[in-house]
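Presented below is the structure to which this report refers.
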Amino acid sequence: MSVDIEHLRSWIDRTETVEDMVTLAPLRALTAALDRDDAPHGAGDPVPPCWHWLYFLPTHRQSEIGPDGHPKRGGFLPPVPLPRRMWAGSRIEFVAPLRVGQAIARTSRIQDVRLKEGRTGPLVFVNVRHEVRANGVIAINEEHDIVYRENPQPGEPAPAGVAAPADADWSRRVEPDDVMLFRYSALTFNGHRIHYDRRYVTTVEGYPGLVVHGPLIATLLLDALRRQRPNPQVARFAFRAVKPLFDTAPFQVCGRVEPDGATVQLWAQDLDGALAMEATATLR
């Protein structure tokens, strides 16, 4: 497929601003979806790290949705013609906690659009910078990497996996199923069909099962950290997706604290021990 990268790069520096309120219902719902027994959130409580993804939800009209369940190409994001779209990773700085009841605003800017040739064809990387303000004061800086690629050819072998680290301080087994994935899709108003439409994901995009959301895996990594160290003060968090996970098998979320006590290596691995996501959390 031909990719006009100069046309796509004309989207660089485009911006959009979305406003929201930190409300209770999404926090209580994600608490339930993660099977936590926390006391219910109340007014003024801080939002856990990366739970800001419950806000600023995409609200495109039904007529604006494309065949994959995402909004049709164009608008704020460039109209990349490649069919597969994935959240490749993020780098996040938590300047101050969001709190229940605050008025919040997110300003997003397209920082870069790049074309690379991968093993199976062209890859387009779109980098978006988000600034989240609470009551007018900066709270979160985030860089979000999106990658677009071709669908696999029939019979194309899956890429070889990389072994996950073997020196975890803790490990937690996650049993993904279609209900978990549907609930997270609903909470984030994510219409991408790879997460809930088994016919579409297997026959159109060629995956073996429903795909576990990248941000859900990242959230589960931080959730496992919170279970080991209640209320950690996360200053920075960065993650990179390595290999997709599916609802066809359980996976592990693991962590290890570095000797400095402030750096935590986190990762997810599949049932065969292959690395699926790697992340680093820096604590205050």
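Put +1 on the Cβ of every Lys and Arg and -1 on every Asp and Glu Cβ in region 102-208; which of Pro176, Asn127, Thr107 then has its Cα farthest towards the positive end of the dipole? Toward the positive end, the furthest listed residue is Thr107.
Pairs of Cα atoms under 8 Å, at least six residues apart: use those to get the relative contact order of the chain, whole percent. The partial results should precede the final answer.
Numbers: 578 pairs, mean separation 53.0, N = 284.
Computed over the chain, the figure is 19 percent.
Per residue, what accessible area does the chain have, given a 1.4 Å probe and all protein chains present, in Å²? Intermediate results must be reported in sequence, preceding the final value.
Details: 13690 Å² over 284 residues.
Result: 48 Å² of accessible area for each residue.
Annotation note: trypsin sites (Lys or Arg not before Pro) in region 114-143 located in DSSP loop regions with a Cβ neighbour count of at most 16 within 10 Å are Arg119.
Taking 0.36 nm per residue of sequence separation and removing the Cα-Cα distance, the Glu16/Ser2 pair yields an extension gain of 2.2 nm. Figure legend: label point modelled 7 angstrom from the Cα of His60 along Cα→Cβ; residues of region 179-223 with amide N under 14 Å from it are 189-194. Helix-only arithmetic for the chain: the sum of -39500 (n - 2.57) across DSSP H runs with n ≥ 4, divided by the residue total, places the mean residue ellipticity at 222 nm at -4500 deg cm²/dmol. Here the 3J(HN,Hα) profile of region 36-48, calculated from phi with Karplus coefficients 6.51, -1.76 and 1.60 at θ = phi - 60°, is 9, 10, 5, 5, x, 5, x, 4, x, 5, x, 8, x Hz, Gly and Pro shown as x.
Under 5 Å between amide hydrogens, built in the peptide plane, is the criterion, and for Asn151 it picks out Arg84 among residues at least 5 positions away or on other chains. For a modelled paramagnetic label at Ala96, 7 Å from Cα along Cα-to-Cβ, the residues of region 47-64 in reach, with backbone nitrogen under 19 Å, are 47-53. Calculated from the structure at hand, semi-axes √(5λ) of the Cα gyration tensor in Å is found among [x] 28, 24, 19; [y] 31, 21, 16; [z] 26, 24, 17 as [x]. With R₀ fixed at 35 Å, the C-beta to C-beta distance from Arg119 to Arg9 puts the FRET efficiency at about 0.90. With 0.36 nm allotted per residue and the present C-alpha distance subtracted, the Arg109-Thr23 stretch has 28.5 nm of extension available. Stretched out straight at 0.36 nm per residue, the stretch from Asn231 to Thr263 would grow longer than its current Cα-Cα span by 10.0 nm.
Note on region 38-72 and region 218-284: Cα centroid distance 21 Å, given to the nearest whole angstrom.
The values are calculated or read from the model by the stated rules, or taken from the named source; none is laboratory data. This is a predicted model, so every value here is computed, not measured. Ideal geometry is used to build each Cβ from the backbone, glycine not excepted, and the neighbour counts take in all protein chains shown. Note: areas computed on protein heavy atoms with side chains; ligands, DNA, RNA excluded. Shrake-Rupley method; radii C 1.70, N 1.55, O 1.52, S 1.80 Å.
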